[in-house]
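Remarks on the structure that follows.
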Amino acid sequence: MIKANNPKLKSWVEVPKDSDFPIQNLPFGIFKTRYLTPVAGVAIGNYVLDLVYLHENGYLDGLGLPPGIFNQRYLNDFIALGRKKCRTVRERISELLRDDNDELKSNLAAREIALIPMREVQMLMPVRVPNYTDFYSSEEHATNVGSMFRDPKNALLPNWKHLPVGYHGRASSIVVSGTSIHRPKGQIKLPDSEQPVFSSSKKMDFELEVAFISCGETKLGQTINTKEAEDYIFGFVLFNDWSARDIQQWEYVPLGPFLGKNFGSTISPWIVTLDALEPFRVDGPEQNPEVLPYLKFSGAKNFDIMLEVMLQPENGEAVTICRSNFKYMYWNVNQQLAHHTINGCNIQVGDMYASGTISGPSPGSYGSMLELTWNGQKPLTMPDGSERKFIEDGDTVMMRGFTEKDGVRIGFGECVGKIVK
Ligand code: CA
C-alpha cells in the first residue's frame, strides 16, 4: 500500500470538494510565474507547491536527490530517477501536506513562498518528448472507423485482436493545454472529384485519448515484458490527438497517418502518477481470441477514469458532447509497451504513448466528431442553435478526466485547445 494514497489523509491546504487535486493525487508539472523561471511543482487544491523551494530549504533532505533536479525546464531528469525514487518524493510531499504534520504548516513565511495560487502560474510542457507513439486500442473506435471507411461487416482488420495496432507520431508538435492550434491546410479529395485540391481542412476533429509517459530507458535489442512494463511508466496525461479527417483520408493508404495528424496534439499539464492511480484499477474487456504469450498479463490493468469532452464556440457556451471512460480500452498499457519493444525497439525517458481514441459502447461516448456525427451525417446541435459536423474556427475543445472511489477524487485538470485560422 502506498501511504500517500490513503483515502483518510487530509491536508492543511484547503482543497475544494470537487477539486482534481486532493492530497491523494499530487501530480507533477512544470510551471512559471511572473517572478519564477520554469520549475517543477506539485498540484494541491487550487495551489502549486514549488519543489525547488522545498528542495533548497531542506524539506526534501535525506531523499538523495541530485542538486537542482527540480530547477529545470522539464521533468525528464527527475522521472529518470525511476519510479521508486519518485515515489519517495511523492510520499514526502504527502507527509508535508498532511494536517497532522507541522513542518511546513507551522512555518507561515515558508508556506507563503512555497504555495502559489494556480491562477498566478502558467503551466508548461512537463516533459521534453523524444518520441511519440499513438495506439489504436479502443475496439469501439476501431469498429466505428472501420464501418465508416471500409465495411461494417468486417470493420476490424484481421490483425486488430492479435496486436495493439499503433504508429509513430510526431513529437515536436505536442503542446501543452491552452496552446491554440492552426487549422491545417493540405491535399483533400472531394467525393465528386477525381483530382485532389489544396485547401484548409474542412473536417477538423479531436480525438479523446489518455497517454502514458515513460520514465525508463532501454537499449536497442532489449524488450520489456508485461510484468516489467509498469516500472517504466511514470504517469498519465489527457491527450487530444487533433486530426484533419479529409487530409487523413486522402493520404493514409498505404503507410497510415501523416499530415492529417502531425500538426498538433494537446496534453494536460499535470502528470498524474501511476502510483496515484493504483487504487482505481479495474479489469479490461475480455480478450478473445487468446493473445500470443508475450502479450499475456495478470491482474487488473485498466483504469476507471471518467472522461468528458466539451465544445465551446467562440463567445458561446460550452456544451458536453462526449462522456467516455479509459476502462474501455481493449489493449492495456502493459501490453502496449510489451508489444512496442518486442522487436528490440528502445524507449527513452519522456516518451509519450497515447491510447488511441477512447470510444465507449454508446453514441454519446464516442471520442471524436467523426464518430459523434458519423462523418458529418448527423450534425450536433449547439446551444446557440448552430450545427457542428466538425470543429469550426474559434471553437475550443476541452477535455477533462477524473476517477473517484472511497470519497477520493483524482483528476487530471484540463486539456484545452482552440482552433484558429
Ligand atoms: Ca489518435
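Values quoted throughout were computed directly from the atomic coordinates according to the rules given, and no laboratory measurement underlies them. Owing to the predicted nature of the structure, the values given are computational and were not obtained by experimental measurement. All Cβ positions, glycine included, derive from the backbone under ideal geometry; neighbour counts span all protein chains shown.
How high is the relative contact order of the chain, in percent, counting Cα pairs under 8 Å that sit 6 or more residues apart?
After rounding, I find 21 percent.
Could you state the angle between the C-alpha long axis of helix 139-149 and the longest principal axis of the C-alpha atoms of the chain, as a value from 0 to 90 degrees rounded to the nearest 10?
30
Charges on Cβ only, +1 for Lys and Arg, -1 for Asp and Glu, centred on the Cα centroid of segment 274-416; of Tyr294, Thr357, Leu311, which one is farthest towards the dipole's positive end?
Tyr294
By how many nm would the segment from Lys3 to Tyr294 lengthen if fully extended, with 0.36 nm per residue of separation less the alpha-carbon distance?
Roughly 101.5 nm would be gained on extension.
When only Cα pairs under 8 Å and 6 or more residues apart are kept, what is the percent relative contact order across segment 118-168?
Numbers: 34 pairs, mean separation 20.5, N = 51.
40 percent.
What distance in nm lies between label points placed 7 Å from Cα along the C-beta direction at Asn71 and Arg119?
3.1
Applying 1/(1 + (r/R0)^6) with R0 = 60 Å to the Cβ-Cβ distance of Lys378 and Asn46, what FRET efficiency is obtained, to the nearest 0.05?
The computed FRET efficiency comes out at 0.95.
Give a residue-ordered list of calculated ³J(HN,Hα) values for segment 381-386 (Karplus: 6.51 cos²θ - 1.76 cosθ + 1.60, θ = phi - 60°; whole Hz; x for Gly, Pro).
Residue by residue, segment 381-386 yields 9, 8, x, 7, x, 6 Hz.
Would you calculate the separation in nanometres between label points at Lys153 and Lys85, each defined as 7 Å from the Cα along the Cα-to-beta-carbon direction?
My value for the distance between the label points is 5.8 nm.
Near the amide H of Phe28, under 5 Å away, which other amide H atoms are found, from residues 5 or more places off or on another chain, if H is placed in the peptide plane?
Residues meeting the amide H criterion: Ile271, Thr273.
Lysines within cross-link reach of Lys32: Cα-Cα under 25 Å, excluding same-chain residues under 8 positions apart?
The qualifying lysines are Lys85, Lys105, Lys418.
Efficiency by 1/(1 + (r/R0)^6): what FRET value for Gln195 and Val253, r their Cβ-Cβ distance, R0 = 25 Å, to the nearest 0.05? The partial results should precede the final answer.
Numbers: r = 17 Å, r/R0 = 0.67.
About 0.90, to the nearest 0.05.
At 222 nm, what value in deg cm²/dmol follows for the chain if DSSP H runs of at least 4 each add -39500 (n - 2.57) and the sum is divided by all its residues, to the nearest 500?
-4500 deg cm²/dmol
With a cut-off of 8 Å between alpha carbons and a minimum separation of six or more residues, what is the relative contact order of segment 357-421 in percent? It would help to have the intermediate numbers written out before the result.
Working: 83 pairs, mean separation 13.8, N = 65.
Here the relative contact order equals 21 percent.
How do the peptides 77-85, 311-319, 265-273 rank, highest first, by the average count of neighbouring beta carbon atoms within 10 Å per residue?
Peptide ranking by packing, descending: 265-273, 77-85, 311-319.
Any chance you could check the Cα centroid distance between segment 136-200 and segment 17-89 for me, in angstrom?
Here the two parts' Cα centres lie 36 Å apart.
If each residue's Cβ is checked for other Cβ atoms within 10 Å, how do Thr320, Thr341, Thr143, Thr403 rank with the fewest at the top?
Listed from fewest to most nearby Cβ atoms, that is Thr320, Thr143, Thr341, Thr403.
For the chain, with only Lys/Arg (+1) and Asp/Glu (-1) charged at the beta-carbon, what is the dipole magnitude about the Cα centre, in debye rounded to 20? Don't jump to the answer; show the numbers that get you there.
On the way: 44 positive and 50 negative charges, 96 e Å.
About 460 debye.
Can you tell me the FRET efficiency between Glu387 and Arg34 if r is taken as the Cβ-Cβ distance and R0 is 51 Å, rounded to the nearest 0.05?
Once the sixth-power term is evaluated, E becomes 0.75.
Over 21 Å between C-alpha atoms is what I'm after, so list which of Lys3/Lys296; Lys185/Lys389; Lys227/Lys301; Lys161/Lys296; Lys227/Lys327 land there.
Lys3/Lys296
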